[in-house]
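A short reminder: the numbers here are calculations on the coordinates, not readings from a lab. Source: prediction; values computed, not measured. Cβ atoms come from the backbone with ideal geometry, glycine included; neighbour counts cover every protein chain shown.
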Amino acid sequence: MITGVEPDELDRALDLIAGEQASLARGTTMLGDTRDGVAAELADLSPSWASTVRVARSGGDFLGASLLEHDEEAGRAWVFGPWVTGADDAAWERWAGPLLDAALDQVPAGIDRVEMGGDVTNVRMAALAASRGWETSEVSHVFAATASAASSWPPPGDGIRVANAADRDEIRPLHEAEFPATYASVERLLPDEPDGKFHVLVAEDDRGRFLGYAAGRVQPDGDGYLDYLAVSDAARGRGTGRDLLAAVSRWLVEAAPHANVNLTVQDHRTPARRLYESLGFTLELSMVGYSRPPKSG
């Protein structure tokens, strides 16, 4: 049967999730691969993961798990998992669908956009999504760089500075064009009262004209993450993207406890991938997202 989890069972659920996350072929790309990192990321979810986690039980054993995060303001929800212990396909067939349903049953009525994601090697998740008619995204690649790579990056140019709420009107058109329906609006990146969640930089020419921006944050698991990088058409070919990338990535490497920076890039963005590789970023994994079709009516 599938049930919720009592407070004194949360560590057991965490052990199951972290154990499955150790394998790219069985985990979700929305969490890391170490127990401490997974615990920190789960603690940052809203609503609390303790309230949304569901487990498959047989006797006293936990055989699988799933959970949900949602943002009613953004109208989006994310399924974490489903995880089913081990590589037994029969167990997966028995529990994966019901665990997915247990997460979906918790999606608020006003939310119609639901997603999950896994590594390209997670063929079981791909088959489950296909069986439900979920849409498959383009493959994206996760790159990472360390302090060692950062030591060779160029110093920031004179036209790069820290952004503030007054820059939102300049950033918004580019942000919405490059990252439509993304998880963080310009207002979330640059709230009226700075909350320290995102580090945002803008690039300007010598006349103060906007050329581009970059935004990143330190994740709960201790990794640095570059969420957004985009330059205007007028800035292309001037090295603005490289300057922004080096500047925000250096800040992230210095601020993150793990002294690294990670980023995600779509497969078709070949010039961007070459830029990252030229600065010492290395490929960590390749992943696919799955989206539930909108409900009719």
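Data table
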| quantity | calculated |
| --- | --- |
| Calculated FRET efficiency for the pair S46/E277, C-beta based, R₀ 45 Å, to 0.05 | 0.80 |
| Net charge contributed by nearby residues that have their C-beta within less than 12 Å of A144 (K/R +1, D/E -1) | -3 |
| Candidates A177, A22, A13: whichever shows maximal mean-square fluctuation once the chain is modelled as a Gaussian network with Cα springs under 10 Å | A177 |
| Efficiency of FRET between D89 and M1 - r from beta-carbon atoms, R0 22 angstrom, step 0.05 | 0.55 |
| Size of electric dipole in the chain: Cβ of Lys, Arg +1 and of Asp, Glu -1, about Cα centre, debye, nearest 20 | 740 debye |
| Gyration tensor (alpha-carbon) shape descriptor, segment 143-287, a/c threshold 1.5 | rounded |
| In degrees, nearest ten, helix 89-104 long axis to first principal axis of the chain (Cα) | 70 degrees |
| Value of [θ]222 nm, deg cm²/dmol, for the chain, DSSP H segments ≥ 4, -39500 (n - 2.57) each, nearest 500 | -9000 deg cm²/dmol |
| Exposure proxy ranking, count of Cβ atoms within 10 Å, fewest first, for T136, T85 | T136, T85 |
| Around P47: net Lys/Arg minus Asp/Glu count, Cβ-Cβ under 13 Å | -4 |
| Residues E176 and A255, FRET efficiency given R0 of 25 Å [Cβ-Cβ distance, rounded to 0.05] | 0.40 |
| Peptides ranked, highest mean first, by Cβ atoms within 10 Å: ranges 137-149, 184-196 | 137-149, 184-196 |
| Residues I2, I111, I17, I171 arranged by fewest to most Cβ contacts within 10 Å | I111, I2, I171, I17 |
| Folded to 0 to 90 degrees: helix 10-21 orientation relative to the chain principal axis, Cα | 70 degrees |
| Charge dipole (debye, nearest 20) of segment 11-160; +1 at Cβ of Lys and Arg, -1 at Cβ of Asp and Glu | 360 debye |
